[in-house]
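Read through the structure below, which is laid out as structure tokens, and then see the notes.
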Amino acid sequence: MNYIWHYDSPLGGITLGSDGKALTGLWFDGQKYFPDTIEKESIEKDLPVFHDTKCWLDIYFSGRIPEFTPEMNMVCSDFRRSVWEVMLTIPYGHTMTYGEIAAEIAKKKGLEKMSARAVGGAVGHNAISVIIPCHRVIGADGSLTGYAGGIDRKRWLLEHEGTNIKSDLL
């Protein structure tokens, strides 16, 4: 069974998804791939994981760094999981390029190299936006390339975190 709950953020509505125990999705309303990891038939229900997630979001949007992560269940392929796990290591206020993520995964897997384009596909399909910080992933030239929630939201999130990005690319 899938459950949903709604959160009102400074960037618009957010839909939270859960399997009943863990967070399985966090999408800005109307974003690309919204929501591709939950069934169409979902029940709106108040769950402990939604309270934890709302608390995390309240802290984050108030400008502080949350000191906990809600329980998450990454419903995805092993490759996407490996990309999302690297994204979880990107510190608040910092960025990483698609190529850097590809190089890190290649190194872990003992490969000579990996496609940054494949990494981009996994980043774009991140089902737990903001908490798994896909907004911190940028192009090799520092550009704010694709974001399923929209480039304006990506820019806002990076500015909110005080990220040092090239002002001419904003």
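List the relative contact order of the range 1-143 as a percent without decimals, with contacts defined as Cα pairs under 8 Å and 6+ residues apart. Walk me through the numbers before you get to the answer.
Working: 215 pairs, mean separation 32.1, N = 143.
Answer for the range 1-143 is 22 percent.
Near the amide H of Ile128, within less than 5 Å, lie the amide hydrogens of Leu26, all on another chain or at least 5 residues away, with H placed in the peptide plane. Surface listing: Arg136, Arg64, Arg155 arranged by accessible area from highest to lowest gives Arg64, Arg155, Arg136, probe 1.4 Å. To the nearest 0.05, how large is the calculated FRET efficiency for Lys109 and Met1 if R₀ is 30 Å and r is the Cβ-Cβ distance? According to the calculation, E is roughly 0.30. Rg and Dmax of the range 75-170, based on Cα coordinates, read 12.6, 37 Å.
Within the full protein context, the accessible area of Leu26 is estimated at about 0 Å² for a probe radius of 1.4 Å.
The distance separating the Cα centre of the range 47-74 from that of the range 90-143 comes to 22 Å. Charge dipole (Cα centre; +1 on Lys/Arg Cβ, -1 on Asp/Glu Cβ; no other charges) of the chain amounts to roughly 500 debye. The lysines within cross-link reach of Lys45, meaning a Cα-to-Cα straight distance under 20 Å and a gap of 8 or more places when in the same chain, are Lys21, Lys54. Here is how the number arises for the chain: DSSP H runs of 4 or more residues each give -39500 (n - 2.57), the sum is divided by the residue count, and the result at 222 nm is -10000 deg cm²/dmol. In the assembled protein chains, His51 presents an accessible area of approximately 100 Å² (probe radius 1.4 Å).
The values are calculated or read from the model by the stated rules, or taken from the named source; none is laboratory data. Since this is a predicted model, take the numbers as computed values, not measurements. Note: ideal-geometry Cβ built from the backbone for every residue, glycine included; neighbour counts use all protein chains shown. Heads up: the accessible areas ignore ligands, DNA and RNA and are worked out on the full protein's heavy atoms, side chains in. Shrake-Rupley method; radii C 1.70, N 1.55, O 1.52, S 1.80 Å.
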